[in-house]
Amino acid sequence: MDKQRIETLARDPNFIPGIYNYCDRWCERCPFTSRCMNFALSEEHFSDPQTRDLNNKVFWEKLSEIFRLTAEMVEETAREQGIDLDSMDLQASQDEQERIENAAEDHECCRAAKSYSERVTDWFDSAESLFEQKTDELSLQARLELPESDPAGQASGIKDAVDIIRWYQHFIYVKLARALQGKLDDVAGDSDGSAKVALIAIARSIAAWGQMCEHFPQRQDDVLDILVHLEQLRKKAQTTFPNAMAFIRPGLD
């Protein structure tokens, strides 16, 4: 792929500009992949299975190529806008960015989101035998073909809940950190967009944990503790970003 190809894709009216800036990166479950330039670039550039393997040399070569093309486009844009990249005080900029990142990480929302991700890991580590028992239970139901049982449906429901929880486990922290950095750097619009994605992820996680509570009533107390933590995080995020849910995400809202 070359720079001209990227510019051609960027001009394609089928793609929704900026839709990938405020999504949850879960392409497998997204109905807008056919209208997302980011997805098209990824599919086109990493079409070979080898290029999707992080341990494969081809992957890193492809990534280096994308970096080179992007750097060239940044330099061209800077020249067109009369920006001298060499004149920037990089050290001062780096120090300021580090200050903002540290302040965001120390915010109560980020601390709570990080604590949540750790709680998820701990819960699944402690529930390993529970999942084995549930698998045996559903397998028995399937063999007995009990008239009012639906082992396949239960298994699918559990898998969906686990997939959602695991997908957003660290995502919530990342998006809240991004939102807080934008807020501290006076990029209000962008911060509200990132915060909205985080709030959506929290809501979906709460729903998924609700399903887990139904499937594993013997762990109800543990699950309820996590749900309370998530609800507190949701309220803190809403208070910090009161306009987040009003943000209109391109193509998604």
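Rule-based calculations on the coordinates, nothing more; no lab input. Keep in mind it's a predicted model, so treat the numbers as computed, not measured. When we count neighbours, we look across all protein chains shown, and the Cβ atoms used for this are built from the backbone with ideal geometry, even at glycine.
Using the Cα centre of the chain as origin and beta-carbon charges of +1 (Lys, Arg) and -1 (Asp, Glu), tell me which of Thr121, Ala104, Trp209 is placed farthest towards the positive end of the dipole.
Trp209
Would you mind counting up the charge near Leu144? Only other residues with Cβ under 14 Å from its Cβ, with Lys and Arg at +1 and Asp and Glu at -1.
Working: positive: Arg143; negative: Asp136, Glu137, Glu145, Glu148, Asp150.
Cβ neighbours under 14 Å give a net charge of -4.
Using a Förster distance of 51 angstrom, determine the FRET efficiency expected from the C-beta separation of Lys159 and Glu72, and round it to 0.05.
0.70
On a 0 to 90 degree scale, rounded to 10, what angle separates helix 151-168 from the longest Cα axis of the chain?
The angle comes out near 30 degrees.
On a 0 to 90° scale, report how tilted helix 108-126 is relative to the longest principal axis of the chain, with both axes built from alpha carbons and the result rounded to the nearest 10.
So the inclination is approximately 40 degrees.
Under a crude label model (7 Å from the Cα following the beta-carbon direction), how far is Asn21 from Leu140 in nanometres?
Using points 7 Å along Cα→Cβ, the separation is 5.5 nm.
Order 233-240, 169-176 from most to least packed using the mean count of other Cβ atoms within 10 Å.
Details: 233-240: 17.5, 169-176: 22.8.
Most protected by this proxy first, the peptides run 169-176, 233-240.
Once the Cβ-Cβ distance between Glu61 and Leu9 is put in as r, and R0 is 25 Å, what FRET efficiency do you end up with, to the nearest 0.05? Each step should come with its number before you reach the end.
Numbers: r = 21 Å, r/R0 = 0.83.
After rounding to 0.05, the efficiency reads 0.75.
Give the relative contact order (percent, whole number) for the chain; include only Cα pairs under 8 Å separated by 6+ residues.
Values: 195 pairs, mean separation 53.6, N = 253.
It comes to 21 percent, rounded to a whole number.
With everything on Cα atoms, drop me the angle between helix 90-105 and the longest principal axis of the chain, reported from 0 to 90° to the nearest 10.
The helix 90-105 is inclined about 20 degrees to the chain.
At a threshold of 8 angstrom on Cα-Cα distance, excluding pairs fewer than six apart, so keeping six or more, what relative contact order does the range 127-253 reach in percent?
Worked out over the range 127-253, it gives 23 percent.
When the chain is fully extended, how far beyond the present Cα-Cα distance does Gln133 get from Arg99, taking 0.36 nm per residue of separation? Please report the intermediate quantities before stating the final value.
On the way: separation 34, 0.36 × 34 = 12.24 nm, distance 4.83 nm.
Separation in residues times 0.36 nm, less the Cα-Cα distance, equals 7.4 nm.
How far apart, in nm, are the 7 Å Cα→Cβ label points at Met245 and Gln220?
Using points 7 Å along Cα→Cβ, the separation is 2.8 nm.
Going Cα to Cα from Lys235, which aspartates and glutamates come in below 17 Å? Please leave out same-chain ones fewer than 8 positions away.
Glu108, Asp192, Asp225
Once every DSSP H run of n ≥ 4 in the chain is given -39500 (n - 2.57) and the sum is divided by its residues, what mean residue ellipticity at 222 nm do you get, rounded to the nearest 500 deg cm²/dmol?
After summing the helix terms and dividing by the residues of the chain, the value is -23000 deg cm²/dmol.
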